[in-house]
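Below: one structure, written as structure tokens.
The values are calculated or read from the model by the stated rules, or taken from the named source; none is laboratory data. Everything numeric in this text was worked out from a predicted model, so none of it was measured. All Cβ positions, even for glycine, are placed from backbone atoms using ideal geometry, and neighbour counts span all protein chains on display.
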Amino acid sequence: MTIEGLAVVVNNLAVKVDKGFNDVNEKFKGVHSEIENRAIMVGREFEAVNKRFDGVDERIDKVESRLDKVEIKLDRVEYRLTMAEDNQLDLKLRMDVLSQNNKGTVELRNRVVVLEKKVGAK
């Protein structure tokens with residue numbers, strides 16, 4: 001084979017390779033546009049999901065705010081309950097003292113009755 005013959009073979013091969021690449025490019029043009037269309041659709045869906053998450057974030061913020069208020073009220077109730085328990089203990093101690101004083105009063109009253117009988121006052 002001569003150089004001219006080899007050049008013809010290489011040229012023919014180059015033409016076939018070029019045609020093959022052109023065919024592949026043509027086929028991928030459709031695939032490329034399909035990929036772009038799908039990417040746009042996916043992007044739109046992500047935007048929709050983000051909007052929904054924004055709504056969820058707002059709702060969570062509201063719930064957190066309400067929970068903070070409930071926590072404050074619960075702290076107040078706990079404080080008031082502690083105060084009531086302390087007051088109950090104080091009242092119980094006072095009632096015990098009064099009860100002891102009442103026993104002494106009853107005992108003194110009985111002694112007065114006995115003395116009044118002895119003296120004839122009643």
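Inspect the stretch 27-35 for any residue being of a type in the set (Lys, Arg), at pLDDT 85 or above, under 57 Å from the mean Cα position of the chain (by Cα) and in a helix (DSSP H, G or I) and give the result as yes or no. Looking for residues that are of a type in the set (Lys, Arg), at pLDDT 85 or above, under 57 Å from the mean Cα position of the chain (by Cα) and in a helix (DSSP H, G or I), one finds none in the stretch 27-35, hence no.
When the criteria are applied in full, residue 30 meets the requirement of being of a type outside the set (Val, Ile, Thr) and loosely packed, with under 10 Cβ neighbours inside 10 Å. Can you spot a residue in the stretch 90-99 that is of a type in the set (Ser, Thr, Tyr), in a helix (DSSP H, G or I) and at pLDDT below 85? There is at least one residue in the stretch 90-99 that is of a type in the set (Ser, Thr, Tyr), in a helix (DSSP H, G or I) and at pLDDT below 85.
Let's see how each residue does on (1) surrounded by 10 or more Cβ atoms within 10 Å (Cβ to Cβ); (2) at pLDDT below 90; (3) out of contact with any Cys (no Cβ under 9 Å at 6 or more places or on another chain):
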{"residue": "3", "(1), (2), (3)": "no, yes, yes"}
{"residue": "17", "(1), (2), (3)": "yes, yes, yes"}
{"residue": "23", "(1), (2), (3)": "yes, yes, yes"}
{"residue": "60", "(1), (2), (3)": "yes, no, yes"}
{"residue": "67", "(1), (2), (3)": "yes, no, yes"}
{"residue": "102", "(1), (2), (3)": "yes, yes, yes"}
